[in-house]
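Participant: My questions will all concern the structure given below.
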Amino acid sequence: MTYSSIVFYAFSLILVASALRVITARNPVHAALFLVLSFVTAAGLWLLLEAEFLAIALVLVYVGAVMVLFLFVVMMLDINLDRLREGYWDYLVPALVVAFAMLAEMAAVLWGKYFSLGSMPPPAPLPANYSNTRELGRLLYTDYVYPFEIAAVILLVAIVAAIALTLRRRKDSKYVDPARQVVVRRRDRVRIVSMAAEKPRTAVQETEEVTG
Amino acid sequence: MILTSADFLPVWPEVLLLVMVCVILIADLFLRDEQRGGTYALTLLTLAACALVTAASSRTDVSFAFHGMFVDDPMSDTLKMMVYISVAAMLVYSRGYVRLRGMYRGEFFTLSLFATLGMMVMISANHFLMLYLGLELLSLSLYALVALHRESADSTEAAMKYFVLGALASGMLLYGMSMIYGATGSLEIPRVADRIATGSANMTILLFGLVFVVAGLAFKLGAVPFHMWVPDVYQGAPTSVALFISTAPKLAAFAFAIRMLVQSLGHGSLLIEWQQMLILLAILSMAVGNITAIAQTNLKRMLAYSTISHMGFLLLGILSGTVSGYSSAMFYVAVYALTGLGTFGMILLLSREGFEADRLEDFKGLNRRSPWYAFLMLLLMFSMAGIPPTVGFYAKLSVLDAVVQAGYTWLAVLAVVFSLIGAFYYLRIVRLMYFDEPVDTTPIQSDFGVRVLLSINGIAALVVGIVPGWLMTICQRAMQATL
């Protein structure tokens, strides 16, 4: 047994065990953390396959961004754990049926004509200084630069559309703009008017008004 | 490997448009609401500049750029010019309408330009990836435009339907494309055609892919039985956006069909396969479109069914499988864009604050209110129905001619019958305009620009019909040099 196959089996064991715990863990936060563990071990497996760029992308995108967001949501929501556990075993039969169907489909593909081990020989070993990342980057910025740029434009459209469709100014907002506050001048707020002087009333007049 | 200036020369119009969209996006932030005219002017200027660049760089040969991702041929130049014209006309027509409905914002203009960019990418695509990306850029901008009128629940519902069904169609298209890739080992259009011609592709998988691609295309064109989104979206969308959806994207969809079906899958037995699929789609579209349109009381909904039937006619031109058939289909789609612009422009003209002139009654007695607009609408309706001497007649005639020459005389007869049925609901509007008493007697108010453009548009439907030769020559030259 070579070193790489030992690593492969170790990672696979951890992956299967953590994937099982994702669906059996009682606490949703634990389940999410087990999902993180399975992503990281899957990234390790991809590294073994010399797909280092994909492995790092998996860790950065799924673990770093998606799962953190997911954890935030899980922690923010007030989830009733007992309700969540209800009917867990009721779904066992359909789940098993689906699982066996998937297993059969995978077996049909892998033992079929086109994708069996015989028709998919292992690729030629790559030179030691070969870099996946560099090759991907080279392709993206040379052969595929035009679709790459258009994909970027699509993201820009998504941003513009999202803002155009959701940005609303609240009519009842009490927000005060400090910049406009400091440029206020006295004549904007205070108006001095000149009017005829009135005679101050005497104390006798006031008591007369009160007593009526 | 290395990009040279030769890669950038043919893409000049796209680059110019993208740079200008970004400029408009930022410049608009500094404009106050009453200065929005600046954005409007800048948008029209951008389209004019793109038209100038496209005209200046148009050539009679085919040139590729970006490692075979992009193609610049006479067909793409001609279609791009038509797209610029119809987008510019859409903006002029809808300015007053969007201003009254709180949609007169910078995003209306930038999203329209992004959609234009998407159409240009589609028209110039030489790679399935570019066809798909251009289509998505166009569709995403259109979904947002439909939903842009936020106060209207109908618009939101229409946008939701459009988005869900559009995503489904994109999925089918991608599935088909992936199968074609599996069968031929390439996504580049000339290479796919090459592999199929040399017979080194797996025909079963190819056929599967073809079915999915045709279904996706029919969805985007709105051909029966993939048409259910069209009436709801046309009715729910703000009229200016319905105008947009019904004109320029059809030109791009035509280019999509030519690139996908003719240029990459147009060899040997595959040609016969998709001809049969298109025959079915065309007959169903003409039948359902024309017959259902009769029952409509909402003009926008009626025009939606009319679009469906026109797309059936367009498919007729494509399925004839000859260069003359493709050029008559191109002529047809250009004429359809022209008349569609005018008809929706008329609805926009009669609409005012808080009032949509989208019911048939709103056109009653238009002759009393304004004989000139009634005459223009008459010309447009005659053109839609295909009554001589308007241009619609010539467009239908040239498509039917191509169909007969391809040996499908029975199909041509069927198309004529359905067109006769369709003439009923177009002529009904003419009757309402000339022989009924007006229900709505508010004076018609409009900008000077709208009046001039609408007059040109209506008169063009007549003049191009009397002298159709030049436009037909443009289409023929474009298709001959491209294929």
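Any read-out appearing in this document is the output of simple, stated calculations on the displayed coordinates, not a laboratory observation. Note that the structure is predicted; figures quoted are calculated from it, not measured. Here the Cβ positions follow ideal geometry from the backbone for every residue, glycine too, while neighbour counts run over all protein chains shown.
Participant: (1) more than 25 Å from A:Thr142 (Cα to Cα); (2) without any contact (Cβ under 8 Å) to a residue 24 or more places away in the chain: which one isn't true of B:Val19, the others all being true?
Facilitator: Here B:Val19 meets the rest and fails (1).
Participant: Mind checking which residues of the range A:125-158 are assigned to a loop (DSSP other than H, G, I, E, B) and surrounded by 12 or more Cβ atoms within 10 Å (Cβ to Cβ)? So that I can check it myself, show each step before the final result.
Facilitator: Our first condition is that a residue be assigned to a loop (DSSP other than H, G, I, E, B); within the range A:125-158, this holds for A:125-131, A:142-144.
A:Ser131, A:Thr142, A:Asp143, A:Tyr144, listed by residue number.
Participant: With respect to B:Ile205, determine if the residue is more than 10 Å from every other protein chain (Cβ to nearest Cβ), closer than 19 Å to B:Pro249 by Cα and of a type outside the set (D, E, K, R).
Facilitator: no
Participant: Here is a follow-up. When you scan the range A:93-114, do you find a residue that is within 13 Å of chain B (Cβ to nearest Cβ), out of contact with any Asp or Glu (no Cβ under 6 Å at 6 or more places or on another chain) and more than 30 Å from B:Leu9 (Cα to Cα), even just one?
Facilitator: yes
Participant: Taking the range A:159-172 as the search range and keeping residues that are within 24 Å of the chain's Cα centre (by Cα) and assigned to a loop (DSSP other than H, G, I, E, B), which one is farthest from the other protein chains (Cβ to nearest Cβ)?
Facilitator: A:Leu167
Participant: Out of the range B:140-150, which residues are at the interface with chain A (Cβ under 10 Å from one of its Cβ atoms) and either without any contact (Cβ under 8 Å) to a residue 60 or more places away in the chain or not hydrophobic (A, V, I, L, M, F, W, C) (or both)?
Facilitator: Correct list: B:Leu140, B:Ser141, B:Tyr143, B:Ala144, B:Ala147, B:Arg150.
Participant: When residues of the range B:26-35 are filtered for being touching a residue at least 24 places away in the same chain (Cβ under 8 Å) and either buried (at least 19 other Cβ atoms within 10 Å of the Cβ) or β-branched (Val, Ile, Thr) (or both), how many remain?
Facilitator: The number of residues fulfilling the criteria is 1.
Here's the yes/no breakdown for (1) of a type in the set (Phe, Trp, Tyr); (2) more than 13 Å from chain B (Cβ to nearest Cβ); (3) over 25 Å from B:Val21 (Cα atoms):
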residue	(1), (2), (3)
A:Arg138	no, no, yes
A:Tyr144	yes, no, no
A:Val157	no, no, no
A:Lys174	no, yes, yes
A:Gln181	no, yes, yes
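Participant: Next question. Can you pull out the residues in the range B:24-42 that are within 27 Å of the chain's Cα centre (by Cα) and within 14 Å of chain A (Cβ to nearest Cβ)? Steps first, answer last, please.
Facilitator: As a first pass, look at the range B:24-42 and keep what is within 27 Å of the chain's Cα centre (by Cα): B:24-25, B:37, B:39-42.
Hits for the range B:24-42 are B:Ile24, B:Leu25, B:Thr39.
Participant: Related question: Inside the range B:110-123, can you point out the residues that are facing another protein chain (nearest Cβ under 10 Å) and of a type in the set (Ser, Thr, Tyr)?
Facilitator: Passing the criteria: only B:Thr110.
Participant: Looking only at residues that are out of contact with any helix residue (DSSP H, G or I) (no Cβ under 9 Å at 6 or more places or on another chain) and farther than 29 Å from A:Asp143 by Cα in the range B:69-100, which one is nearest to the other protein chains (Cβ to nearest Cβ)?
Facilitator: It comes out as B:Arg99.
Participant: Something else now. Please return the ranges of helices (runs of 4 or more DSSP H) entirely within the range B:125-221 where 1 or more residues are basic (Lys, Arg).
Facilitator: Passing ranges, in order: B:153-184, B:189-197, B:203-221.
Participant: Hey, another quick one. Within the range B:49-58, is even one residue within 14 Å of chain A (Cβ to nearest Cβ) and buried (at least 19 other Cβ atoms within 10 Å of the Cβ)? Break it down into steps so the answer makes sense when it comes.
Facilitator: First, the residues of the range B:49-58 that are within 14 Å of chain A (Cβ to nearest Cβ): none.
Checking the range B:49-58: not a single residue is within 14 Å of chain A (Cβ to nearest Cβ) and buried (at least 19 other Cβ atoms within 10 Å of the Cβ).
Participant: Go through the range A:90-145 and report how many residues are of a type in the set (Asp, Glu) and more than 30 Å from B:Met130 (Cα to Cα).
Facilitator: 2
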